[in-house]
Amino acid sequence: MDEGLIMRIGLIGKKLGHSFSKMIHEKLIDQPYELIELDEQQLVEFMETKAFKAINVTIPYKETVMQYCDEIDEQALAIHAVNAIVNRNGRLIATNTDFTGLMLMLKQHNIVIKDKCCCVLGTGGTSKTAQAVLKAMGAKEILVAGRNKPAPIISYEALKQHQEIQVFINATSVGMYPNNDDQIIDLADFGQLEAVADVIYNPLTTRLCQQAEELKLKHVNGLKMLVAQAKAACEFFHDIALDDEKIHQITDEIYKDMANIVIIGMPSSGKTTLSQELAKISDKRLVDIDEEIVRREQRTIREIFDTEGEARFREIETAICKDLAKQTKLIISCGGGIIKNEENMRSLAQNGIIFHIRRNLDALLVDDSRPLSSSKERLMAMEKERMPLYQKYSQFEIDNNSTIEAALKQIKERFDEVTCN
């Protein structure tokens, strides 16, 4: 057998196109890490030939691979799922580092489990991990919800009868890219709820966590869990010890690298110029939503307004906005009216930090080519209508009444503030 194949280290799964694992492992240790996509038949051959040094395992194979392992530790056996396997002289030794990752994530975000009524959403391998973590952390009661499962599994429809629930852990893929708009339950149905943990890390903030934030509940997405379990796996693979500080460092680095910078504000407030300057000093790709509309529609915004009206323009804008919002590593310059549809802003906030660029009204330009800002009177009416929405949906307001350099400095400082914690 090829020595290079035997030395392979990586992640196996069915679809890995948007996995962060390669990035994380190569930050943890300077050694190549592969993403190895396998269908069911390829999985059998891969596991039987044992052509690897060490692998992580993700959905849907965390339980399937157990039959090929020669030794599985007690923790993984209790969960009945493995996510890390080492090939030691032909013997496959397995463990589950998701347990470590999830526990650390809950503790780091001060989500109290002891003596709480907790509910795990989902019944797969990650659900079993979550149940084991909750038990180890002293939960008073652990409920499990799922679809088309016999008792004691609770259906999602019947969940709202359990008003005693204080903590939810989403262990399903509902809300994961590319289905970012999906949400498994309505958190508003649970009056005693205190906290939500979602194991999903793409998007950076799921719909479930967005609602938790709106309801002022403690909440966390799965990025820190992903990094923490990767650190534990790396230690298992290489028989080394890594500093826990690497978890926080890499989590911050990935968030900063992946998060979009979203620019909103009135027409001629400086959005385009600031976005272009930001693109020059970062590795994020610039996308102007208005320019994207013109490119895809092959006509000007004025032509869309004149022939089909503002309502049709907003439909096109929302479709493009939703598409771009699912992507990462972007600088997104938005049209002035993007805030008129709440769904636009919820989508943009999933992977983005939103900055409102504010310039004094008397400095804004009248533009005959723009239907809604063709006169000073229209600009005044527009600002009165939109300003509360700009302030509602932005995390930061940037004063752009002096120099471009000063505004850029504000954006960079605020972005670093929220992505490096």
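The values are calculated or read from the model by the stated rules, or taken from the named source; none is laboratory data. Computed from a predicted structure; not experimentally measured. Methodologically, a virtual Cβ is constructed for each residue, glycine included, from the backbone with ideal geometry; neighbour enumeration extends over all protein chains shown. For the accessible areas, the whole protein counts, side chains as well, though only heavy atoms, and no ligand, DNA or RNA atoms are used. Shrake-Rupley method; radii C 1.70, N 1.55, O 1.52, S 1.80 Å.
Across the range 61-76, rounded Karplus estimates of 3J(HN,Hα) from the backbone phi angles (6.51 cos²θ - 1.76 cosθ + 1.60, θ = phi - 60°) give 10, 5, 8, 4, 6, 4, 5, 9, 8, 8, 8, 10, 6, 4, 4, 5 Hz, Gly and Pro being marked x. Protein heavy-atom accessible surface, 1.4 Å probe, per residue over the chain: 46 Å². Please sort by residue number the GluC sites (Glu not before Pro) in the range 139-170 whose DSSP state is loop and whose Cβ has at most 16 other Cβ atoms within 10 Å. Here the GluC sites (Glu not before Pro) that fit, given the DSSP loop and packing criteria, are Glu157, Glu164. In this label model, Asp239 and Gln163 are separated by 5.8 nm, measuring between points 7 Å along each Cα→Cβ vector. Ordered from largest to smallest accessible area (heavy atoms of protein chains, 1.4 Å probe), the residues Arg314, Arg302, Arg378 come out as Arg378, Arg302, Arg314.
For the residue pairs Lys246/Lys329; Lys22/Lys62; Lys224/Lys329; Lys116/Lys326; Lys256/Lys409; Lys140/Lys218, the C-alpha atoms sit more than 25 angstrom apart in Lys116/Lys326. Can you pull the Rg over Rh of the range 27-97, Cα-only, Kirkwood? Ratio of gyration radius to Kirkwood radius for the range 27-97: 0.95.
Backbone amide hydrogens, once placed in the peptide plane, bring Lys329 within less than 5 Å of Ala259, Asn260, excluding anything fewer than 5 places away on its chain. In the chain, if the dipole is taken from +1 on Lys/Arg beta carbons and -1 on Asp/Glu beta carbons about the Cα centre, which of Leu223, Phe236, Met387 is farthest to the positive end? In the chain, that residue is Met387.
Modelled this way, with points 7 Å down the Cα-to-C-beta line, the labels at Ala406 and Lys376 are 2.4 nm from one another.
Computed in the context of the full set of protein chains, the accessible area of the chain at 1.4 Å probe radius has 48% of its extent on carbon or sulfur. Ranking Thr272, Thr206 from most to least accessible surface, computed with a 1.4 Å probe over the protein chains only, gives Thr272, Thr206. Close amide H pairs (under 5 Å, H built 1.01 Å from N) link Gly175 with Asp182, residues at least 5 positions away or on another chain. Based on DSSP H runs of at least 4 residues, each adding -39500 (n - 2.57), what is the mean residue ellipticity at 222 nm of the chain after dividing by all its residues, to the nearest 500 deg cm²/dmol? Mean residue ellipticity, 222 nm, calculated: -13000 deg cm²/dmol. Is the shape of the range 125-169 rounded, prolate or oblate, going by the alpha carbon gyration tensor and its root eigenvalues a ≥ b ≥ c, with a/c under 1.5 for rounded and a/b larger than b/c for prolate? The shape class here is oblate. Taking the centroid of alpha carbons for each part, the range 216-278 and the range 9-34 are 16 Å apart. With contacts taken as Cα pairs under 8 Å and at least 6 residues apart, the chain reaches a relative contact order of 11 percent.
Entry for the range 316-421 at q = 0.12, 0.16 Å⁻¹: log10 I(q)/I(0) = -0.46, -0.82, Debye formula applied to identical alpha-carbon scatterers, no solvent contribution.
Kirkwood hydrodynamic radius of the range 45-142, from the reciprocal of the average inverse Cα-Cα distance over all distinct pairs: 14.3 Å.
In this entry, the chain is assigned a mean projected area of 23.5 nm², taken as a quarter of its C-alpha convex hull surface. By a 1.4 Å probe calculation restricted to protein chains, His219 has an accessible surface near 60 Å², given to the nearest 10.
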